[in-house]
Amino acid sequence: MPAASPRQREIKVVSANAMREVIADIRAAFEVQSSHRLGVTVVETGGIRRRILAGEAFDVIIVPRKAADELESKGKLAGVGVPLVRVDLGLAVRAGGEIPDTRTAEALKRTFLAAKTMLITDPATGGISGVHLMEVLERLGIADVMRPRLVPHRGHGSHAERVVSGEADLAVQAEHEIRAVTGAVFLPYPEEFQRRIVFVAGVGAASTDATAAKGFIAFLKGAEAVAAIKARFLAPA
């Protein structure tokens, strides 16, 4: 790779999974317009938290609002995060069959108990959909019954695709990840169990070029990025 010009640098970005595809879609356009390069790391929110609290430095950090507030309180994020996207959580089932009812707490409970296998993001990774599911199962009083039926997954991957292929009855994931899969149907949680997550971008306190970092965040709020966000079934925040 040719040496960077005096005004060109690598912007180190660490992002939660929600923005993975969007960043990939707009990366080339930003690099052309800015003359900077993006060095992108995408991991679960829990992994981001651990890395940053351990001292790893990034220019731009993209995480849920709650995580951003914590990082800011610990001096790891410079200023208030800029909202990018809003995400709802829910269940994936295979299209073409009987669609379970999830409109009420009792209906959701019956749907869970009827499932022999359910794919989830491993809560131990800090992945929000998996952590939230365990909270929901506890509130419904069926966590112990359901644990043997849960198939936890670490790393990026589409649980909904595996439901469509017949590997499981249900999957729990973010709405945009489910809607992106042909043959999958998204079922929202009842309102009392719904968790809407706003992902925000902030400049890392240890950034060596806050101006370049802010430039990338501004790009993520621009028309080109918003179009990519909507194309990926996400809602701009």
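The values are calculated or read from the model by the stated rules, or taken from the named source; none is laboratory data. Just so we're clear, the structure is a prediction, and the values are computed from it rather than from any experiment. Cβ sites come from the backbone with ideal geometry, for glycine too, and all protein chains shown count toward neighbours.
The set of residues from region 223-234 being out of contact with any helix residue (DSSP H, G or I) (no Cβ under 6 Å at 6 or more places or on another chain) and surrounded by 15 or more Cβ atoms within 10 Å (Cβ to Cβ) comprises just one member, Val226. Among the residues in region 93-110, are any among the small types (Gly, Ala, Ser), touching a His at 6+ places or on another chain (Cβ under 9 Å) and within 26 Å of Val185 (Cβ to Cβ)? No, that holds for no residue.
Residue-by-condition table, conditions (1) within 12 Å of the chain's Cα centre (by Cα); (2) surrounded by fewer than 19 Cβ atoms within 10 Å (Cβ to Cβ):
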site: Arg50; (1), (2): no, yes
site: Ile62; (1), (2): yes, no
site: Glu72; (1), (2): no, yes
site: Val93; (1), (2): no, no
site: Thr104; (1), (2): no, yes
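Just one of (1) more than 14 Å from Tyr189 (Cβ to Cβ); (2) of a type in the set (Ser, Thr, Tyr); (3) in contact (Cβ under 8 Å) with a residue 60 or more places away in the chain fails for Thr41. It is (3). For the criterion of being at positive phi and either within 18 Å of the chain's Cα centre (by Cα) or among the charged types (D, E, K, R) (or both), Phe233 passes. Among the residues of region 146-204, write down those that are hydrophobic (A, V, I, L, M, F, W, C) and assigned to a helix (DSSP H, G or I). Selection gives Met146, Ala160, Val163, Val164, Ile178, Phe193.
Can you confirm whether Ala92 is out of contact with any Lys or Arg (no Cβ under 6 Å at 6 or more places or on another chain), hydrophobic (A, V, I, L, M, F, W, C), in contact (Cβ under 8 Å) with a residue 24 or more places away in the chain and within 22 Å of Glu138 (Cβ to Cβ)? Criteria met by Ala92. Sub-8 Å Cβ pairs linking a first residue in region 210-237 that is without any contact (Cβ under 8 Å) to a residue 24 or more places away in the chain to a second residue that is surrounded by fewer than 19 Cβ atoms within 10 Å (Cβ to Cβ), at least 6 apart or interchain, are Val226/Pro236; Lys230/Pro236, ordered by first then second residue. When Glu192, Glu175 are checked against the criterion of being crowded, with 19+ Cβ neighbours inside 10 Å, of a type in the set (Asp, Glu) and either out of contact with any Leu (no Cβ under 8 Å at 6 or more places or on another chain) or outside the structural domain of Gly75 (by TED's automatic domain parsing) (or both), Glu175 stands alone in meeting it.
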